[in-house]
Amino acid sequence: MKRKKIPDSVTVNRKARFDYMLGEELSVGMVLAGPEVRLVRDHHVQLKGSFVTIRNGELWLNNLTLGAETARNIKLLATRGQISALEREKVAGSTIVPVKLLGGGRHIKLVIAVGKGKKKYDKRETIKKRDFERGKYA
């Protein structure tokens, strides 16, 4: 019996967890060319500043930085049902945020989540909770 390999995390968007209250996560595929796949597998990719939009019933990842290239837009692969559910969430005032990039196995996947923007006082509360857990105030 073959074991299914758990995909390695290539990069994580740490700022997303700080700036947004994230909801349900969804793993989607990406349309990449050969050299782009090599850049992702070699960890020459940055999710910082990237965001997901819905255009003409398709998901697009905007401002993905690959290697020394400038930011580029990449088409994401998801089912129609998943896209329509994300569209309903977006109409309700949420945003679609890329959380992490997985590339350990044969396929390169992007984990996206629906997020609601945090206010400044929410961010301060997050910092306070994190510092308390580290034992800074103990």
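The values are calculated or read from the model by the stated rules, or taken from the named source; none is laboratory data. Since we're looking at a predicted model, the values are computed, not measured. We place every Cβ from the backbone using ideal geometry, glycine too, and count neighbours over all the protein chains shown.
Worth pointing out:
- Qualifying residue in segment 57-74 (condition: in contact with an Asp or Glu (Cβ under 7 Å, 6 or more places away or on another chain), part of a strand (DSSP E or B) and in contact (Cβ under 8 Å) with a residue 40 or more places away in the chain): no
- Taken as a whole, the structure leaves residue 13 outside the set of residues that are closer than 28 Å to residue 118 by Cβ, polar (S, T, N, Q) and without any contact (Cβ under 8 Å) to a residue 24 or more places away in the chain.
- Test result for residue 55, in contact with a Gly (Cβ under 8 Å, 6 or more places away or on another chain), surrounded by fewer than 15 Cβ atoms within 10 Å (Cβ to Cβ) and at negative phi: no
- Checked against (1) over 23 Å from residue 117 (Cα atoms); (2) small (Gly, Ala, Ser); (3) surrounded by 13 or more Cβ atoms within 10 Å (Cβ to Cβ), residue 33 meets all criteria but (3).
- Subset of segment 19-66 [in contact with a His (Cβ under 7 Å, 6 or more places away or on another chain) and hydrophobic (A, V, I, L, M, F, W, C)]: 66
- Segment 94-128, residues that are free of Cβ contacts under 8 Å to residues at least 60 places away in the same chain and either aliphatic (A, V, I, L, M) or closer than 19 Å to residue 62 by Cα (or both): 96, 127
- So residue 99, is it under 27 Å from residue 122 (Cα atoms), of a type in the set (A, V, I, L, M) and out of contact with any helix residue (DSSP H, G or I) (no Cβ under 8 Å at 6 or more places or on another chain): no
- Test result for residue 8, in contact (Cβ under 8 Å) with a residue 60 or more places away in the chain and out of contact with any Ser or Thr (no Cβ under 9 Å at 6 or more places or on another chain): yes
- When segment 79-138 is filtered for residues that are assigned to a loop (DSSP other than H, G, I, E, B) and exposed (fewer than 12 other Cβ atoms within 10 Å of the Cβ), the ones remaining, listed by number, are 79, 92, 93, 106, 119, 135, 136, 137, 138.
- Considering segment 36-52, and only residues there that are over 16 Å from residue 97 (Cα atoms) and either at pLDDT 90 or above or not β-branched (Val, Ile, Thr) (or both), the residue that is surrounded by the most Cβ atoms within 10 Å (Cβ to Cβ) turns out to be 36.
- Residue list for segment 75-93, filter: touching a residue at least 24 places away in the same chain (Cβ under 8 Å) and of a type outside the set (A, V, I, L, M): 75, 82, 87, 89, 90
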